[in-house]
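Beneath this line is the structure, given in structure tokens, with notes to follow.
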Amino acid sequence: MRYRVLGPLELWNDGRQVPLPPAKWRMLLAVLLCEANQVVTTDRLIEELWGNHPPQSAPKLLQSYISRLRRALTDDTGHTLTTHVHGYRAHGYRLIVGPGELDAHRFDDLITQARRELDRNNPDVAATHLTQALDLWRDTPFADVPPTPAIETETQRLHACCTQARELRIEARLRLGHHQALLDELHTLTTQHPLREGLRGQLMLALYRSGRQADALAAYRDLHHRLTHELGIEPGPPLQQLHQRILNADPTLLTEDQRPKPLRPAPAPPATAAVPSPPDPPPA
């Protein structure tokens with residue numbers, strides 16, 4: 001079974017996409033995927049699907065949707081979509097999702113692996129993991145599902161993780177010396193997230209390494225103006241320190257290939273052999 005939520009909701013079974021036409025079916029599956037492997041109570045599912053004023057028939061309708069969803073999952077025995085009973089009635093449901101079955105889980109796992117590789121100073125491997133993670137995105141998460149509180153919360157989380165993934169990939173590529181190739185992406189991201197200091201610092205560093213010190217300093221001034229006028233705060237110490245280092249043209253901010261090579265001392269002239277003095281003349 002495969003579930004795809006990083007875009008329109010899709011359910012795949014044995015390589016075949018399973019249609020989920022009714023909106024309430026998609027909402028139910030989406031909420032269960034937001035809480036994958038966790039029990040979601042019937043009361044909460046009713047609230048997610050119908051809000052604060054559900055119809056009196058909501059419990060029976062929910063049972064009907066659960067049955068239809070099980071058929072879509074070919075789960076006649078209820079081993080994938082399990083029922084949790086309290087007394088004589090269903091208390092909640094749990095959708096069991098295995099490793100690699102949900103693209104959002106795969107996305108999270110790849111980011112975790114990339115962070116580990118960055119800590120190990122393997123930026124090339126980290127960049128590969130992050131590209132694989134970002135390639136899983138097809139559109140806005142749950143793009144064709146009517147919003148519910150659980151879906152909105154998960155969508156916001158995934159969007160934040162996506163921005164973090166792009167920021168981490170930029171960090172990995174900066175370590176690899178790809179500063180000039182990153183400028184367009186950084187300008188786009190800082191326009192989308194004008195107050196995000198991490199991205200602004202990466203833009204400043206990429207500009208400085210591209211020989212554009214004045215533009216790097218201008219990028220800092222723009223953020224400083226926004227923060228002080230919109231939020232009444234100063235940039236954080238790390239960004240202030242980076243600004244000062246760029247202002248001082250700190251060569252240690254450059255890549256190893258860009259740093260000026262130390263001058264080698266001129267080789268010493270070869271030693272000349274001492275010429276023996278002529279012997280003293282014999283006495284007269």
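Of note:
- Efficiency of FRET between ASP215 and GLN164 - r from beta-carbon atoms, R0 22 angstrom, step 0.05: 0.30
- Remark: spin-label model distance ASP139-GLN38 equals 2.7 nm, labels positioned 7 Å along the Cα→Cβ axis.
- Net length gained if the chain between TRP12 and GLN156 were fully extended (0.36 nm per residue, minus Cα distance): 49.4 nm
- From helices alone, the chain scores -16000 deg cm²/dmol at 222 nm; the rule is -39500 (n - 2.57) for each run of n ≥ 4 DSSP H residues, then divide by the residue total.
- Sorted from greatest to least, the principal axis extents spanned by the alpha carbons of segment 44-88 come out as 32, 26, 15 Å.
- Placing pseudo-labels 7 Å out from each Cα toward the beta carbon at GLN56 and HIS193 gives an inter-label distance of 5.1 nm.
- Computed with every protein chain present, the accessible area of TRP50 is close to 50 Å² [probe 1.4 Å].
- Paramagnetic label zone (point 7 Å from Cα along Cα-to-C-beta, ARG2; backbone N under 18 Å) in segment 67-81: 73-74
- Relative to the current alpha-carbon distance between ALA23 and THR74, full extension at 0.36 nm per residue lengthens the span by 16.4 nm.
- Over all pairs of different C-alpha atoms, the chain has a mean inverse distance whose reciprocal, the Kirkwood radius, equals 23.6 Å.
- Once backbone amide H atoms are built at 1.01 Å from N, LEU102 has TYR3 as its partners under 5 Å, excluding neighbours fewer than 5 places away on the same chain.
- Per residue, in Å², the accessible surface of the chain once ligands and nucleic acids are set aside, probe 1.4 Å: 58 Å²
- Model label points for SER64 and THR228, set 7 angstrom from Cα along the Cα-to-Cβ axis, are 6.4 nm apart.
The values are calculated or read from the model by the stated rules, or taken from the named source; none is laboratory data. Fair warning: this is a prediction, and the values are worked out from it, not measured in the lab. Here the Cβ is made from the backbone with ideal geometry for all residues, glycine too, and neighbour counts use every protein chain on show. For accessibility, only protein heavy atoms count, side chains too; no ligands or nucleic acids. Shrake-Rupley method; radii C 1.70, N 1.55, O 1.52, S 1.80 Å.
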